[in-house]
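The values are calculated or read from the model by the stated rules, or taken from the named source; none is laboratory data. As the structure is a prediction and not an experimental result, all values here were calculated from the model. Ideal geometry is used to build each Cβ from the backbone, glycine not excepted, and the neighbour counts take in all protein chains shown. Side chains included, ligands, DNA and RNA excluded: accessible areas come from the protein's heavy atoms. Shrake-Rupley method; radii C 1.70, N 1.55, O 1.52, S 1.80 Å.
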Amino acid sequence: MKNLLVKTKNLVAGCILSKDISGLTSYPLMNKKTILTEDLLEVLKAFFITEVSVEKTLVDGTKFTPREIIDDEGEGAQENSSFIADYLKAVQSYKRQFQNWQAGSAVDVAKIREIMIPLFERSLEKPLEIFSLHHYSNKEDYLYHHTVSIGLLSGYLAKKMDYDVADVYQIILAGSLADCGMAKIPPEILGKSTSLTALEYEEVRKHPIYSLRMLQRSTILKESVKYAILQHHERLDGSGYPRGKSERTPHAFAKIVAVADAYHAMTSERAYRKKQSPFKVMEMIMQDDFGKFDITVINILLSCIMNYSMGSRVRLSNGYIAEIVFIDKQSPTRPLIKVIDTGEMIHLNNYRDLFIEEVL
């Protein structure tokens, strides 16, 4: 995404940092990909930060047009929309469709396909971007970021598992429509910023059934997609919902969507839970949720994270900034890292109380 260098006074909430903001220490005051809020804008003023580099697209998918630009890194060059800009626009397009469903409109599956498939094809040009989408998810629009991201992640995992193109597209639709039934959940529950009560949670657990009802007459979706939508919260050990223990194991499509759904949810900022790093999430899935998810899908996702994380900067749970130097296949969630300040090499597998807090 092309960047703009602008004065801090011209920033607005929703701007996305395209470069780290240096502080008084060796650690950044704010990291790139941070979505600026009103509170963070005040922090920039308090630290007398006069100018920052931001992306040309706001988090709501609209173009950022400040009153004054210090430098336009894309000026004079051919302006091609980046994948992230297209992603943010797709999220807002999905949001409009969801609001239509809340108002009683039928699901236009062809429209969702029109939003998702070209975006997926764009993502294949830079697959790394798929694994950074959780950075752009905000609390207000989490649901829409979640559904678009699940679709992209599910499609990418399916492609890596050598599904044919037709099935990959169907799995993308399964992921992006799995939560359409949330439109039937009362808004006061859907928009709640605190933990749900037991009764509210039971209502939310009905959303796969609502989703299936909304899509059961669609001729665009295969039956396997409808199974995936109904079963994406059911687990291999018999836990999950809506059916819980059943003689029928989840469909293969459902196993892919289940992993994509859990992974994105746990790595994203939510109203009542902070985001966690991909490494910590995968460790939790492999240990705490062992036996619940399909191991083949888990291994494919782990392989993707390993491939795209080598050399990345990370923040550790002790606050240190480090760089990933080597990832051992035997302990992929605990790589060898190099602390930026000291140059110290640490193999996280030998320090179980230390983990990667965030990939920067």
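Using a ≥ b ≥ c from the Cα gyration tensor of segment 179-291 (square roots of the eigenvalues), is it rounded, prolate or oblate, where a/c under 1.5 gives rounded and otherwise the larger of a/b and b/c decides, a/b for prolate? Oblate, since a/c reaches 1.5 and b/c is not below a/b. Across the chain, the mean sequence separation of Cα contacts (distance under 8 Å, 6 or more residues apart), normalised by length, yields a relative contact order of 12 percent.
Of the accessible area of segment 200-290, with the probe set at 1.4 angstrom, what percent is carbon plus sulfur? With neighbouring chains kept in place, the figure for segment 200-290 is 50 percent.
Stretching the chain fully between residue 27 and residue 317 yields a gain of 103.0 nm (0.36 nm per residue, less the alpha carbon separation).
Please give the residues of segment 248-273, grouped as numeric ranges, whose backbone N is less than 16 Å from a label point set 7 Å along the Cα-to-Cβ vector of residue 195. Answer for segment 248-273: 270-273. Remark: segment 35-75 carries 62 Å² of accessible area per residue (probe radius 1.4 Å; ligands, DNA and RNA excluded). In terms of the Cα gyration tensor, with a ≥ b ≥ c the square roots of its eigenvalues, is segment 61-192 rounded because a/c is under 1.5, prolate because a/b exceeds b/c, or oblate? Oblate shape, in that a/c is at least 1.5 and b/c is the bigger or equal ratio. The helix-only estimate of mean residue ellipticity at 222 nm for the chain, built from DSSP H runs of length n ≥ 4 each weighted as -39500 (n - 2.57), is -12500 deg cm²/dmol after division by the residue total.
The C-alpha radius of gyration of the chain, expressed as a fraction of 2.2 N^0.38 Å, stands at 1.01. What shape does segment 298-360 have by the C-alpha gyration tensor, where a ≥ b ≥ c are the square roots of the eigenvalues, rounded means a/c under 1.5, and otherwise prolate means a/b greater than b/c and oblate the rest? Prolate, since a/c reaches 1.5 and a/b exceeds b/c.
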